[in-house]
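Student: The structure follows.
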Amino acid sequence: MDSTSPEPSLYTVKAVFILDNDGNRLLSKYYDPELYPSMKEQKNFERNVFNKTHKADNEIAFLEGMTIVYKSSIDLFFYVVGSAQENELMLMSVLNCLFDSLSQILRKNVERRCLLDNMEGVFLVVDEIIDGGVILESDPQQVLQKVNYRADENPLSEQSVAQVLQSAKEQIKWSILK
């Protein structure tokens with residue numbers, strides 16, 4: 001085995017972020033604290049990524065030694081960032097899972113206003129897909145099941161904070177008992 005190749009790791013996602021049409025941050029989660037430790041560095045990286053990708057028709061970009069997969073919808077840009085050695089297909093499966101899960105929660109209306117109105121659900125979805133940089137799930141139906149979303153029930157934005165917390169406590173309790 002080549003001694004210069006990096007060791008395999010579960011930590012495949014370095015960051016996930018969603019930007020609006022102007023490149024403004026709506027959501028971001030960085031999983032590698034050494035990558036961009038300050039908010040200023042993160043926003044600068046996001047601005048560089050947005051400038052490189054917002055007019056491109058590609059789905060993948062390479063910038064600052066990172067592999068970036070992305071997708072746009074109406075007035076949103078979704079990004080998943082991995083290391084330069086990361087498998088683009090793995091990153092793309094995370095991106096597709098994120099987008100498809102949010103599409104269900106937002107009732108196929110994946111645009112800025114709806115995303116902001118359902119931000120707690122967006123964070124729950126991201127946390128179900130990735131935990132500390134480790135990909136936990138890539139199936140949107142499993143993600144929706146885990147966040148306890150049903151199309152015929154109240155969307156997460158209509159649930160009280162207490163209901164969302166209770167649901168999370170029940171999920172934690174059941175995962176511990178398994």
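Student: By accessible area of protein heavy atoms, probe 1.4 Å, what ranking do 66, 90 get, highest first?
Tutor: Output order, biggest surface exposure first: 90, 66.
Student: Considering only protein heavy atoms, what is the solvent-accessible area of residue 144 at a probe of 1.4 Å, reported in Å² to the nearest 10?
Tutor: 10
Student: Taking all protein chains together and a probe of 1.4 Å, list 60, 18, 135 from the most accessible to the least accessible.
Tutor: Largest accessible area first, the residues go 60, 135, 18.
Student: Over 26 Å between Cα atoms: which of 55/146; 14/71; 43/108; 29/52; 14/146 fall into that group?
Tutor: Distance filter (> 26 Å) returns 55/146; 43/108.
Student: Would you please give the FRET efficiency between residue 168 and residue 109, computed as 1/(1 + (r/R0)^6) with r the Cβ-Cβ distance and R0 = 30 Å, to the nearest 0.05?
Tutor: 0.75
Student: Short version: ³J(HN,Hα) in whole Hz for each residue of region 98-106, in order, from phi by Karplus 6.51 cos²θ - 1.76 cosθ + 1.60 (θ = phi - 60°), x for Gly and Pro, what are they?
Tutor: Values per residue, Gly and Pro as x: 4, 5, 5, 5, 5, 4, 5, 5, 8 Hz.
Student: How big is region 13-147 along each principal axis, measuring the range of its Cα positions in Å and listing the largest first?
Tutor: 35, 29, 28
Student: With unit charges on the beta carbon (Lys/Arg positive, Asp/Glu negative), name the residue among 126, 42, 67 whose Cα is farthest towards the positive pole of the charge dipole of region 13-147.
Tutor: Going by the charge dipole, the pick is 42.
Student: Counting only heavy atoms of protein chains, what accessible area per residue, in Å², does region 13-147 have with a probe of 1.4 Å?
Tutor: Numbers: 6380 Å² over 135 residues.
On a per-residue basis, region 13-147 sits at 47 Å².
Student: Charges only on Cβ, +1 for Lys and Arg, -1 for Asp and Glu: so what's the dipole of region 13-147 about the Cα centre, in debye to the nearest 20? Display every interim value, and only then the final one.
Tutor: Working: 14 positive and 21 negative charges, 79 e Å.
Using only the charged Cβ atoms, the result is roughly 380 debye.
Student: Hey, if we sort 70, 30 by accessible area with the 1.4 Å probe, largest down, what's the order? Don't jump to the answer; show the numbers that get you there.
Tutor: On the way: 70 15, 30 45 Å².
In descending accessible area the options line up as 30, 70.
The values are calculated or read from the model by the stated rules, or taken from the named source; none is laboratory data. Please read these numbers as outputs of a predicted model, since none were measured by experiment. All Cβ positions, even for glycine, are placed from backbone atoms using ideal geometry, and neighbour counts span all protein chains on display. Areas reflect the complete protein model, heavy atoms only, side chains present, ligands, DNA and RNA absent. Shrake-Rupley method; radii C 1.70, N 1.55, O 1.52, S 1.80 Å.
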